[in-house]
Structure formats: structure tokens, C-alpha cells
Amino acid sequence: MYKTDILAFGAHPDDVECAAAGVIIGTIQRGGTVVIVDLTKGEMGSHGVGGQREKEAINSANILGVGMREQLDLGDGNIFSNKANRDKVVRVIRKYRPKIVLANAFVDRHPDHGEAAKLVKDACFLSGLRKFSTDSGGEWQEPWRPAGVYHYIQDYFVAPSFVVDISMHFTRKMKAIKAYRSQFVTASDRMPSGSIALLKQIEATNQIFGRAINVEYAEGFVSESYVGLSDLQALL
Ligand SMILES: [Zn+2]
């Protein structure tokens, strides 16, 4: 039996917010459970220091309504699908037993994003193997394979496999993104032009995906395998 509806991985704190916050807010509002796991602390970012960015990630999780957020500290700019990292990610998957896993896009602006996509995909497969042994506090962990692994679309435009209406949650999504104050507000309290451009890009992308299903805003996801439905009526 699964424990968590969605386990959302991000290479850096704020990846999940920028690309999938609307889906997360909607899931929680319908009574679902979501856990966010940041693979790094984002320490290579041009703005903000470690402690400050950790606090911002917690503030943002509170805005989303996410009760649990972990940071694995794999090293910003240094994410790879190697044995040590796969072990760490499998441990988290088996701990939270998610129905759905969200991860970065395979092709994106930051090289960590593609590496994170591969790492999480590999770990989701290995997590289902009984002989891939991991423990938590000395206790053997049961194998677990999520029903779906979906890659959210962030910086680079990628054709989505499906899009999800987030019109009701868009305002709160932007509030959660802006909780990363060090990334969006300078010491002189002015928003850098790059940050303004990023917020505009997020809005425009969500509008484009929304337009495809005749709603105001939507988030897009890529699935490497077919997406199954138990009921055709679930489609918009
Ligand atoms: Zn990132």
C-alpha cells in the first residue's frame, strides 16, 4: 500500500515550485499527501547562502501546504546517477512509498536537471527490485515501485505528454516561488530583470499549456511510458 500520493524530486530547491507547484497545491487541497525532496541545497546559485535558502524552502513548502520536505545534499552542480546517489534516492522512495514520482525534465537549461531526471528514473526502477537492498536506521526496506514517474517541464520548452489544469492554484504557486526571496529580491529591494523574466516565462508557459485544454493555466509533464486511465471521464 502506498503512503504518499506524490513524491516530488527537484535538483535544486525551487525547481518543484517553478514547474509543478500548481499540481501539488491541487493534490493537497483534495486531501492528498505530497513530499518534496530537494537533491541539493542549491549552494551554487548566484544569490543567497545555504541557511537562508533552506529557510526559504521551508517557507515555500508551508505556502504549498506540504508537510514534509527533505534535502539530500548530493552537491549542487554535481548530480549523477551513480551507486551512492541511487542508494540515497531509493531509500527515500522506499521510505515514502509514493503512488506518483515527479522529477526534473531530461532536457533542460541546467545540466543538473537532466542528470536528476536520470537519477530519479533509475532509482524508481531499482527501488522495485527485492535484491537491491537498502536499510533505514538498520532496518531492511521493502521494495517499492511507484505507479507513475512524470517529468515536469521547467526552463526549456518540451512537448508535454499531458497537461494539468492549475488555474485555481496559479496565484498561490507564484507566491510559493517568490518565497525564494534571495533569488527574486536584491538588497535594494528591487527585483533583478532576470527574475522578472523568469516569472513571466513561467506564466507564459502555464498559459500555453492551459490554452491547449481551454483553461487559463496548466502545468505540463512528460511521461516516458503510456499514461493509463481507469475512467475516460477523468479527461477534461
Ligand atoms: Zn534547478
Cross-chain or 6+ apart pairs with Cβ under 9 Å, the range 144-169 first and closer than 16 Å to A105 by Cα and within 16 Å of the ligand (Cβ to nearest atom), then of a type in the set (S, T, Y) and open to solvent by 40 Å² or more (accessible area, probe 1.4 Å): H151/S161
Of the conditions (1) more than 13 Å from the ligand (Cβ to nearest atom); (2) open to solvent by 20 Å² or more (accessible area, probe 1.4 Å), the single one that P111 does not satisfy is (1)
Any residue in the range 82-103 that is modelled with pLDDT under 95 and either within 12 Å of the ligand (Cβ to nearest atom) or basic (K, R) (or both)? no
Of the conditions (1) at positive phi; (2) open to solvent by 80 Å² or more (accessible area, probe 1.4 Å), E142 satisfies every one except a single condition; which number is it? (1)
Select from the range 2-18 the residues that are β-branched (V, I, T) and either buried (at least 24 other Cβ atoms within 10 Å of the Cβ) or near the ligand (Cβ under 7 Å from one of its atoms) (or both) and write down the one among them that is nearest to V89 (Cα to Cα). I6
Kindly provide the set of residues from the range 209-236 that are free of Cβ contacts under 8 Å to residues at least 24 places away in the same chain, more than 20 Å from the chain's Cα centre (by Cα) and farther than 11 Å from S167 by Cβ, ordered by number. R211, Y226, G228, L229, S230, D231, L232, Q233, A234, L235
Are any of the residues in the range 24-43 under 14 Å from A116 (Cβ atoms), out of contact with any helix residue (DSSP H, G or I) (no Cβ under 7 Å at 6 or more places or on another chain) and open to solvent by 60 Å² or more (accessible area, probe 1.4 Å)? no
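The values are calculated or read from the model by the stated rules, or taken from the named source; none is laboratory data. It should be emphasised that the depicted structure is a prediction, and the values quoted were computed from it without experimental measurement. Cβ coordinates were reconstructed from backbone atoms using ideal geometry, including for glycine residues, and neighbour counts include every protein chain displayed. Calculation scope for accessible area: heavy atoms of the full protein, side chains included, ligands and nucleic acids excluded. Shrake-Rupley method; radii C 1.70, N 1.55, O 1.52, S 1.80 Å.
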